[in-house]
1. Against the condition touching a residue at least 24 places away in the same chain (Cβ under 8 Å), among the small types (Gly, Ala, Ser) and either within 26 Å of residue B:4 (Cα to Cα) or not in a strand (DSSP E or B) (or both), how does residue A:2 come out, does it pass?
2. Within region A:34-66, which residues are touching a Leu at 6+ places or on another chain (Cβ under 9 Å), hydrophobic (A, V, I, L, M, F, W, C) and facing another protein chain (nearest Cβ under 8 Å)?
3. Among the residues of region B:3-22, which ones are surrounded by 16 or more Cβ atoms within 10 Å (Cβ to Cβ) and polar (S, T, N, Q)?
4. Every residue in region A:68-84 that is free of Cβ contacts under 8 Å to residues at least 60 places away in the same chain and in contact with a Leu (Cβ under 9 Å, 6 or more places away or on another chain), please.
5. Within region B:32-73, count every residue that is touching a strand residue (DSSP E or B) at 6+ places or on another chain (Cβ under 8 Å), within 30 Å of residue A:88 (Cβ to Cβ) and either surrounded by 14 or more Cβ atoms within 10 Å (Cβ to Cβ) or within 14 Å of chain A (Cβ to nearest Cβ) (or both).
6. In contact (Cβ under 8 Å) with a residue 12 or more places away in the chain and among the acidic types (Asp, Glu): which single residue out of B:17, B:59 fits that description?
7. Determine whether residue B:64 is in contact with a Phe, Trp or Tyr (Cβ under 9 Å, 6 or more places away or on another chain) and more than 28 Å from residue B:101 (Cβ to Cβ).
8. How about region B:56-118: which strands (runs of 3 or more DSSP E) wholly inside it have at least 2 residues that are within 24 Å of residue A:96 (Cβ to Cβ), in contact with a Leu (Cβ under 6 Å, 6 or more places away or on another chain) and among the small types (Gly, Ala, Ser)?
Amino acid sequence: NAGVTQTPKFRILKIGQSMTLQCAQDMNHNYMYWYRQDPGMGLKLIYYSVGAGITDKGEVPNGYNVSRSTTEDFPLRLELAAPSQTSVYFCASTNTGQFGYTFGSGTRLTVV
Amino acid sequence: AQKVTQAQTEISVVEKEDVTLDCVYETRDTTYYLFWYKQPPSGELVFLIRRNSFDEQNEISGRYSWNFQKSTSSFNFTITASQVVDSAVYFCALSVRDRGSTLGRLYFGRGTQLTVWP
């Protein structure tokens, strides 16, 4: 099915561990985004990419890294997990740059 | 700066009641898009509607209707004859383009938790 696929759906990490959240889209979208959603809050932008090889920081980039080696994939890396990174993470993509966003189903991450 | 305010944190209604979710936005851009998303308990984001800044026509889709008023910077969402399945968090969002770029950014409100009781 076409769309944005995020893996894993759930993960529990210990403080200081690292992990990569995977995001893949098969719609040939240029623009991809990572958001986090904290309890009772709206989504906040972590990182974005306007195409392969090009990434930039959003509102809340600290503690994260991204890469975009292909159009399809946009993984989000947590190097040293902290409790403050407990959140739900959403990946999104669009080809228009301003509308037509497609969201993945989210990754629920708990850091203990 | 861009901002979306959903002043209602939680709303509870009884089935068949009408309910309106408020959304107020701030932007200096003249071209922008407004969205409503539904987030059911399962957690995914479900797209409901998109409006561009040049189209102030209200829209109705079944039991859902949207009222866009640029004069008050509001984009309110009404559910008529609410049902238990409407229980969810509803997000209003604003998309504007970065200056000198084709990139658009989505700015979300904090969401309104709607609970519909049988």
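Just so you know, all these numbers are worked out from the coordinates, no wet-lab data involved. Since we're looking at a predicted model, the values are computed, not measured. Neighbour counts run over all protein chains shown; Cβ positions are idealised from the backbone, glycine included.
1. Against the criterion (touching a residue at least 24 places away in the same chain (Cβ under 8 Å), among the small types (Gly, Ala, Ser) and either within 26 Å of residue B:4 (Cα to Cα) or not in a strand (DSSP E or B) (or both)), residue A:2 qualifies.
2. A:43, A:45, A:50
3. B:6, B:8
4. Within region A:68-84, A:75, A:76, A:77 meet the criteria.
5. 27
6. Of B:17, B:59, the one residue that is in contact (Cβ under 8 Å) with a residue 12 or more places away in the chain and among the acidic types (Asp, Glu) is B:17.
7. So residue B:64 passes the test.
8. Correct list: B:88-97.
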